[in-house]
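Single-structure report; data block below.
The values are calculated or read from the model by the stated rules, or taken from the named source; none is laboratory data. As the structure is a computational prediction, the values presented were derived from the model and not from experiment. A quick note on method: Cβ atoms are made from the backbone with ideal geometry, for glycine too, and the neighbour counts reach across all protein chains shown.
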Amino acid sequence: MSSPAASSGDHPRRIFSRFYAHISRRMEGEGMGALRTELLSPAAGEVVEIGPGNGLNFAHYPDAVTKVVAVEPEPHLRALAADAAREVPTHAEVVPGTAGHLPLATASVDTAVLCLVLCGIEDQPGALSEIVRVLRPGARLLFLEHTYAETAGLLRVQRLADATVWPLLTGGCRTSGDPVATITSAGFEVTSCRRLRFPEDRFTQPSSPHVLGAARRR
């Protein structure tokens with residue numbers, strides 16, 4: 001049963017949440033849907049998804065998943081995610097909360113999912129420490145995130161964008177981070193990882209470089 005009720009930990013972003021809900025639908029047709037399927041194919045058992053946005057991942061979870069607890073701090077997106085949860089066979093519960101304070105018991109989860117969300121979390125080490133807490137030993141973390149560019153020119157553009165208007169326009173997103181290094185530093189063993197450009201057929205922008213992979217809790 002989904003529960004989009006309000007919470008003292010809510011982070012309303014009224015303009016961005018509506019923009020994201022619109023643009024994410026276009027992203028699906030540009031290949032994000034296929035990336036979601038690839039990302040989530042190893043998921044199994046009980047899952048925590050951090051920052052599900054409007055819930056577009058829900059339709060891509062495999063049959064091996066028994067339950068999804070989706071923790072979303074933005075009220076408008078949380079309501080949309082609750083609607084999306086009712087349209088899929090996977091039991092998905094949408095709850096308020098933040099990445100740094102997940103409403104889950106210690107060592108209670110088989111899979112954690114970060115999909116286009118780590119880039120907007122201010123305290124990334126704290127969030128990953130909380131994910132470590134709720135995961136069972138040996139459990140998986142699946143991630144699809146923005147990452148730093150490998151070319152010097154685009155990396156300069158990313159850093160300039162991150163230091164100026166980009167986070168203001170995109171709900172706090174910063175594009176030039178190194179999520180693989182951050183995940184590894186939190187105590188995960190990265191077991192698979194590939195860099196990609198998304199969208200492939202649109203002009204290059206600071207958010208184009210992505211990394212998709214999986215890690216295991218040590």
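Summary of computed values
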item	result
Checklist (1) closer than 28 Å to ALA139 by Cα; (2) surrounded by 13 or more Cβ atoms within 10 Å (Cβ to Cβ); (3) among the hydrophobic types (A, V, I, L, M, F, W, C) applied to TRP166, failing item	(1)
Test: residue in the stretch 3-20 that is under 17 Å from LEU144 (Cβ atoms), assigned to a helix (DSSP H, G or I), out of contact with any Lys or Arg (no Cβ under 6 Å at 6 or more places or on another chain) and modelled with pLDDT under 95	yes
Lone unmet requirement of (1) charged (D, E, K, R); (2) at pLDDT 95 or above; (3) surrounded by fewer than 20 Cβ atoms within 10 Å (Cβ to Cβ) for ARG140	(3)
Selection from the stretch 127-184 of residues that are among the acidic types (Asp, Glu) and in contact with a Pro (Cβ under 6 Å, 6 or more places away or on another chain)	GLU145
Residue match in the stretch 114-126 (condition: more than 20 Å from ALA214 (Cα to Cα) and surrounded by fewer than 23 Cβ atoms within 10 Å (Cβ to Cβ))	yes
Candidate set from the stretch 46-67 (those that are farther than 23 Å from PRO12 by Cβ and in a strand (DSSP E or B)); member that is farthest from the chain's Cα centre (by Cα)	THR66
Any chance ASP123 is among the charged types (D, E, K, R), under 30 Å from LEU168 (Cβ atoms) and at pLDDT 95 or above	yes
Flag for THR98 being over 15 Å from PHE143 (Cβ atoms), out of contact with any Phe, Trp or Tyr (no Cβ under 8 Å at 6 or more places or on another chain) and without any contact (Cβ under 8 Å) to a residue 40 or more places away in the chain	no
Residue match in the stretch 184-191 (condition: surrounded by 13 or more Cβ atoms within 10 Å (Cβ to Cβ), within 16 Å of the chain's Cα centre (by Cα) and of a type in the set (S, T, N, Q))	no
Flag if ALA43 is in a loop (DSSP other than H, G, I, E, B), hydrophobic (A, V, I, L, M, F, W, C), crowded, with 22+ Cβ neighbours inside 10 Å and touching a residue at least 24 places away in the same chain (Cβ under 8 Å)	yes
Residue within the stretch 66-83 that is closer than 15 Å to ILE183 by Cα, crowded, with 21+ Cβ neighbours inside 10 Å and out of contact with any helix residue (DSSP H, G or I) (no Cβ under 7 Å at 6 or more places or on another chain) present	no
